[in-house]
1. Relative contact order of the range 40-183, please, whole-number percent, based on alpha carbon pairs below 8 angstrom and at least 6 residues apart.
2. For a quick check of understanding: with a 1.4 angstrom probe and all protein chains in place, what accessible area in square angstrom does Met28 have, to the nearest ten?
3. What accessible area per residue comes out for the chain, rounded to a whole number of Å², with a 1.4 Å probe?
4. About the Cα centre, and with charges only on the beta carbon of Lys, Arg (+1) and Asp, Glu (-1), how big is the dipole of the range 31-93? Nearest 20 debye, please.
5. Given Cα positions, please report Rg to Rh for the range 103-181, the hydrodynamic radius being the Kirkwood one.
6. Provide the net charge surrounding Ala104, with neighbours chosen by a C-beta distance below 13 Å and charges set as Lys +1, Arg +1, Asp -1, Glu -1.
7. Using the alpha-carbon centroid of each, what span in Å lies between the range 51-81 and the range 144-183?
8. Distances longer than 29 Å among the Cα atoms of the range 27-183: what percent of all pairs is that?
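The values are calculated or read from the model by the stated rules, or taken from the named source; none is laboratory data. Remember, it's a predicted structure, so these values are computed and weren't measured experimentally. No Cβ is skipped: glycine too gets one built from the backbone with ideal geometry, and neighbour counts run over all protein chains shown. Calculation scope for accessible area: heavy atoms of the full protein, side chains included, ligands and nucleic acids excluded. Shrake-Rupley method; radii C 1.70, N 1.55, O 1.52, S 1.80 Å.
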Amino acid sequence: MKVIIGLTCSIESRRKKLSNNIILIGFMGTGKTTVGKIISSCTKYSFFDMDQQIEKNAGMSVNEIFSQKGESYFREQEEKVLDNILTFNNAVISCGGGVIKHKANRDKLKKNGTVFCLKADIDSIIKRTSGNTRPLLINKTEKEVLQLIRTREGLYGFADHFIDTTGKTPIEVAHSIISIYKG
Ligand code: S3P
C-alpha cells in the first residue's frame, strides 16, 4: 500500500485478460497522455505513449511523418509500435487517438488490458487541442472536428469503461480510472 499524490494505490491483478495493462484510448485532447503519466506514477506501472514511440523509431515528429510519408505510413508504424508495446505487462499505455481505426488494433487492445475510453465535450476538445500541431486538426473548423469525432464514435465502443473528462482535472480522472481498475 503506497500513497502518492493523494491516491492510495494497491493494485492486484485479477483480469480475465491476457495482460494487466491499463490502456487509454479516446479522441485527441481527451487527456490520455497526461492522465496516463499520473496513473503510471501512482501504480508504478511502466508508461508508454504510442506517439512518442513512433517518433523515436522514425526520428521525426508525428507531424513530419504525416506530411512527408502520409497517414497510411503513419498507421503502419502505429500498428508496429502497438504490437511491440503489447508484449509488455503491467503497463499504462496511452494510445494515439486514431489507433482504433483498424479492427485488428481494436481486437489486440481489448485482449491485452483493461481499456478505458476518455471522452470530453467538443468545447473541451477544441480548447485542449488549440494552438498545437496535430496533423488531422490543422485548420479544421469546429464543425469538421465534430464530424471526425462522429465518424469515430462507434470505433471506441469496444472499451471496457468510458470516462468523461469534461470539467475534471487529470488527477481526478486518474483517480477514477485507478478505482475502477482496482475494482
Ligand atoms: C491521431 C491522434 C494523435 C496522433 C496522430 C493521429 C488521430 O494522437 O496519433 O496525430 O488520428 O486521432 P493523440 O490522440 O495522442 O493526440
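1. Relative CO of the range 40-183 lands at 26 percent.
2. Approximately 20 Å² for this residue.
3. Numbers: 9270 Å² over 183 residues.
Result: 51 Å² of accessible area for each residue.
4. The calculation lands at about 280 debye.
5. On the way: Rg = 14.1 Å, Rh = 14.2 Å.
Here the Rg-to-Rh quotient is 0.99.
6. Around Ala104, the charge tally is +3.
7. Computed from Cα coordinates, the inter-centre distance equals 24 Å.
8. Numbers: 1580 of 12246 pairs.
The share of Cα pairs beyond 29 Å in the range 27-183 comes to 13 percent.
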